[in-house]
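The values are calculated or read from the model by the stated rules, or taken from the named source; none is laboratory data. Keep in mind it's a predicted model, so treat the numbers as computed, not measured. Cβ: placed from backbone, ideal geometry, glycine included. Neighbour counts: every protein chain shown.
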Amino acid sequence: MAFDSGMLACALSELKEKCLGSRVEKVFMPERDQVILLLHTKEGARRLLIHAGSGPRLSLTSEQRENPLKPPMLCMLLRKHLTGARLAAIEQPDFERVAILSFEGYDEMGFPCVRKLYAELMGKYSNLIFTDGEGKILSLLRTVDFSNNQRQLLPGMTYEPPPAQEGRENPLLCDFERVLEKLDEAPKDQSATKILARSFRGVSDLVAREICYRVTNEIDPPLCDCSKEELAKVFCDLFGAVKAETFSPTLALSSGEPVGYAFCKLSHYGNGVEYRSYESAGEMLDEAFSIKEKQQYLRERAQDLFRMLSSTESRIRKKIVLQEGELADCEQGELWKKYADLITANLYRLKSGEKNVELPDYEKMRDDGSFETLVVPLDPRLSPAANAQRYYKRYAKTKNARIELTRQIALGKEELAYLETVADALCRAENAKDLSEIREELGRAGYFSRQSTAPGKKTPTPTPAEFCTSGGYRVLCGKNNLQNDYLSHKLAGKGDYWFHAKGRPGSHVVLFTEGKEPTERDFTEAAEIAALYSAAAGEKHTEVDYTLVKNLKKPAGAMPGYVIYHQNWSCTVSPKRDEVERKRVK
């Protein structure tokens, strides 16, 4: 999904309509490559997002983003110069993927001044450059020095626009004849899609495919199979609408996942793809990037947690293997006890200094009534009685070791089961607060140093996910073990019903009855939530246990999220994610 020049023109058109002349109230940088300007307009506050990182874009947004405790230097500089300034002009020079936002304000001495923010949204070369009215660079997101074979961008230098793309013309300045001329100049055996993308500035492959599809019903036909007149006509109609600032933002989704978006209507993705039209470019871009960005954000923030879980699980598994090997060696203990018993029973026959001795095995009798013999190794430095005591001590050690090793192996397996619940919760974390709660949980368990809380500031209350059943009953779902404990042992009442995927790591789910008796449908929907928010999510059939909250018990010293129960019912459900998520309240 590429943010091309047409999409930028669409976003800037919306920005001009809604925010031109507005004043900057606040400046945020939730990420090092994101700037959010809070603009005060006649209709109220609006947020302008400029993203110059992976998936660059510029648009109005309604999403709330968490900000770092310490803002970056660029953010501080923008606050200094832009707070209170008026958004006076918005430009897109030469239909490039560059937006110029001009702000009018006052300098430190109280004199009127102009500041400009250049947003270059060109893939991996994206950048944000902040200049004065004369083009002198005051600060920028990424410096480009003389070691690169690129245009130099350094504070104090005069800003220069990106070099024009050779051989590509501005589609807004091309009429029908010029487009037809460019098509005539192109090799006839080449892809029409590639020819359009390479011949005209700011035309992405997605838009080029859409143009070809409207003409030939194919997304990548050779030019010789296309009517050049039809191709030129569709091209001019499409960019004529851009020139007239008439846009139809469209998002294409497959199985609920965004696969493409554009400033115009889309149709070339074929069957099984849903097309959603929007009046607002910002609304469309929020939906297109929300899932992807959230997953990327959480992956980046949770890397240390994933590494810790992986290394800890690996260490515990190796430890269990070694302990099981030692436990198998403890089986020798019975043989050592047998050696000691035989030596003790035959002390009168043994002499000091012998290395081994053949003694009758009283547990094995031959057919003729005699006993089989057993060779018993001896330490020639010790007396027969001392050898017997040595074997008795070795037997006692293995006996104690067997008990302790069995206990340690059980503890190791319990710890692995706990870490599996943490890993499951980590994979389903939805925001930074969920990650913070998981980090706090691991800190309490001793895996991480606990997060320090400012003096006088209380630890935030866990906030489980909330659903509403068809019968109007409230259902809460813990997203990690801290939320599970809080939900099951503090929020839930004794008469409420508790649900959990049987034998699988997952969320505690509580159906709040409020003194009433839920219907069978309400029970089923609560069970579906428990199945979906567990390690069994995605399986066709999931068995779910449910019981009254009063039947739950938490053993002393148990890990977070661990409960036991001896009375329960079970059911099997087949949840559908879309249906379950539609019942979610928050």
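Points worth noting:
- Among the numbered conditions (1) part of a strand (DSSP E or B); (2) at pLDDT below 90, the only one that Gln150 does not meet is (1).
- Residue count for region 178-197, restricted to those that are out of contact with any Lys or Arg (no Cβ under 9 Å at 6 or more places or on another chain) and of a type in the set (Ser, Thr, Tyr): 1
- Extreme residue, modelled with the lowest pLDDT, among residues of region 416-433 that are among the charged types (D, E, K, R) and surrounded by 18 or more Cβ atoms within 10 Å (Cβ to Cβ): Arg428
- Residues (within 16 Å of Gly53 (Cβ to Cβ) and of a type in the set (Phe, Trp, Tyr)) located in region 119-147: Tyr125
- With respect to being touching a Ser or Thr at 6+ places or on another chain (Cβ under 9 Å) and surrounded by fewer than 19 Cβ atoms within 10 Å (Cβ to Cβ), Ala88 fits the description.
- Residue-level check: of (1) farther than 18 Å from Leu196 by Cα; (2) without any contact (Cβ under 8 Å) to a residue 12 or more places away in the chain; (3) in a helix (DSSP H, G or I), Gln296 misses just (2).
- Val321 passes every criterion in (1) among the β-branched types (Val, Ile, Thr); (2) surrounded by fewer than 16 Cβ atoms within 10 Å (Cβ to Cβ); (3) assigned to a strand (DSSP E or B) apart from (3).
- Inspection of region 542-558 identifies no residue that is surrounded by 15 or more Cβ atoms within 10 Å (Cβ to Cβ), out of contact with any Phe, Trp or Tyr (no Cβ under 9 Å at 6 or more places or on another chain) and within 18 Å of Pro518 (Cβ to Cβ).
- Within the set Leu206, Leu253, Leu231, Leu238, the sole residue that is in contact with a strand residue (DSSP E or B) (Cβ under 7 Å, 6 or more places away or on another chain) and at pLDDT 90 or above turns out to be Leu206.
- Contact annotation: no residue pair with Cβ atoms under 8 Å, 6 or more positions apart or on different chains, pairs a residue in region 8-32 that is in the same structural domain as Asp286 (by TED's automatic domain parsing) with a partner that is surrounded by fewer than 20 Cβ atoms within 10 Å (Cβ to Cβ) and of a type in the set (Ser, Thr, Tyr).
- Within region 35-56, the set of residues being surrounded by fewer than 18 Cβ atoms within 10 Å (Cβ to Cβ), in a strand (DSSP E or B) and not hydrophobic (A, V, I, L, M, F, W, C) comprises His40, Thr41, Gly44.
- If you go through region 577-586 and keep only what is loosely packed, with under 11 Cβ neighbours inside 10 Å and either more than 22 Å from the chain's Cα centre (by Cα) or part of a loop (DSSP other than H, G, I, E, B) (or both), you end up with Val585, Lys586.
- Some residue of region 57-70 being touching a Ser or Thr at 6+ places or on another chain (Cβ under 8 Å), buried (at least 20 other Cβ atoms within 10 Å of the Cβ) and touching a residue at least 24 places away in the same chain (Cβ under 8 Å): yes
- Test set (1) in a strand (DSSP E or B); (2) surrounded by 13 or more Cβ atoms within 10 Å (Cβ to Cβ) - Glu372 fails condition number: (2)
- Here Thr524 does not qualify as closer than 14 Å to Ser488 by Cβ, surrounded by 16 or more Cβ atoms within 10 Å (Cβ to Cβ), out of contact with any Asp or Glu (no Cβ under 6 Å at 6 or more places or on another chain) and of a type in the set (S, T, N, Q).
- Residues considered: Leu487, Leu482, Leu476. Of these, the only one that is of a type in the set (A, V, I, L, M) and either under 21 Å from the mean Cα position of the chain (by Cα) or modelled with pLDDT under 90 (or both) is Leu482.
- First in region 537-550 and over 26 Å from Cys427 (Cα atoms), second anywhere and crowded, with 18+ Cβ neighbours inside 10 Å, Cβ under 6 Å, 6 or more apart: Thr547/Trp498; Val549/Ala492; Val549/Asp496; Val549/Trp498
- Sub-6 Å Cβ pairs linking a first residue in region 346-375 that is closer than 19 Å to Ala388 by Cβ to a second residue that is among the polar types (S, T, N, Q) and in a loop (DSSP other than H, G, I, E, B), at least 6 apart or interchain, are Ser352/Ser383; Leu359/Asn346, ordered by first then second residue.
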